[in-house]
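Beneath this line is the structure, given in structure tokens, with notes to follow.
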Amino acid sequence: MTEKEFVRALRQNQERVQDILAHTDKLVLVGAGNTCTLYEKSFAVEKMPIVGIVDNSPEKIGKCFLGGVTCTPAKDITDDFGTNSLGIITTVIDGTYWALQKQMQELGVMSMGVDAYIFARHIDELLQCFRRFEDDESRDLYAKIILWRITHRKPAIPFPYTEPYFSQPEFVSFSEQEVFVDM
């Protein structure tokens, strides 16, 4: 992917986010799972005006997240927060994202993924990272992964190894000053 194509895709996402935000006044997190917890500091840094959290899991309903926001049932999102809410879907799992996207659509709620929202605010930083890669293959892979996080449409990403990556020479030939940790 060229820089021009990457910029165009990022700008399209940014325009989509801005258009949706022009028609909403409330951000509601859709999903109180691991991604919601992992992104908690990002929500504060981004100064996201989160008014609520919804989830489909009965065991999460009534519990507090993000320092005191009570989780309510996703099916009640319009009753609890109105039809002008924007559902910020907090999952990185594509299948879950599409199921929640469909649910929000059926409930009449505009929605988007958390990365689409956050990345729309950081195009310059994403491009700085893109430009730091020294070769086209690395830039292309980076761009595809970022766009996958925005769209939840997995690109064709070739994996060059038939054996586990940690058995490849570039991962096992290290000096005595280096340590390899596989988590």
Notebook entry, point to check: Tell me, what is the 1.4 Å probe accessible area of residue 35, in Å² to the nearest 10?
Noted result: 20 Å²
Next item on the list: May I ask you to list the lysines whose Cα is less than 26 Å away from that of residue 102, ignoring any residue fewer than eight positions away on the same chain?
Entry: 26, 60, 63, 75, 144, 154
Next item on the list: Run the dipole for the chain about the Cα centre, Lys and Arg Cβ at +1, Asp and Glu Cβ at -1, nothing else charged, and hand back the magnitude in debye, nearest 20.
Entry: 660 debye
Notebook entry, point to check: Given labels modelled 7 Å from the Cα in the Cβ direction, how far is it in nm from residue 138 to residue 57?
Noted result: 3.7 nm
Item checked: Positive-pole candidate from 81, 95, 114, dipole of the stretch 74-163, charges at beta carbon -> 81
Next item on the list: With 5 Å bins from zero, work out the P(r) of the stretch 7-67 over every alpha carbon pair and list the percent per bin.
Entry: 4, 15, 22, 21, 19, 12, 5, 2, 0
Next item on the list: Kindly sort 42, 85 by accessible area of their heavy atoms, largest first, with the probe set to 1.4 Å.
Entry: 42, 85
Checklist line | Environment charge at residue 69 (Cβ cut-off 15 Å; Lys +1, Arg +1, Asp -1, Glu -1) | finding: 0
Margin query: Just to make sure I understand: if all protein chains stay in place, what is the order of 71, 64, 129 by accessible area at 1.4 Å, largest first?
Written below: 64, 129, 71
Next item on the list: Can you pull the one-decimal nm distance between simple spin-label points at residue 23 and residue 156, each 7 Å off the Cα toward Cβ?
Entry: 3.4 nm
Next item on the list: Could you please put 8, 132 in sequence from largest to smallest accessible area, using a 1.4 Å probe?
Entry: 132, 8
Next item on the list: Evaluate E = 1/(1 + (r/R0)^6) for residue 5 and residue 102, where r is the Cβ-Cβ distance and R0 equals 25 Å; express this FRET efficiency to the nearest 0.05.
Entry: 0.30
Next item on the list: At 7 Å along the Cα-to-beta-carbon direction for both residue 128 and residue 15, put a label point, then send me their distance in nm to one decimal.
Entry: 2.6 nm
Checklist line | Antiparallel DSSP beta bridges within the chain, percent to nearest 5 | finding: 10 percent
Notebook entry, point to check: Between (i) 19.2, 62; (ii) 17.9, 56; (iii) 20.1, 70, which matches Rg and Dmax of the Cα atoms in Å calculated for the structure shown?
Noted result: (i)
Check: If the chain between residue 149 and residue 79 were fully stretched, how many nm would it gain, using 0.36 nm times the residue separation less the Cα-Cα distance?
Finding: 22.2 nm
Checklist line | Of all accessible heavy-atom area on the chain, the percent that carbon and sulfur account for (1.4 Å) | finding: 54 percent
Item checked: Sequence-distant residues sharing a close amide H with residue 65 (under 5 Å, placed H) -> 70, 71
Next item on the list: Please work out the average accessible area per residue across the chain, using the 1.4 Å probe convention, and give it in Å².
Entry: 61 Å²
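The values are calculated or read from the model by the stated rules, or taken from the named source; none is laboratory data. Here the structure is a predicted model, which is why all the values come from computation and not from measurement. Positions of Cβ are generated from backbone atoms using ideal geometry, with glycine treated the same way; all protein chains shown enter the neighbour counts. For accessibility, only protein heavy atoms count, side chains too; no ligands or nucleic acids. Shrake-Rupley method; radii C 1.70, N 1.55, O 1.52, S 1.80 Å.
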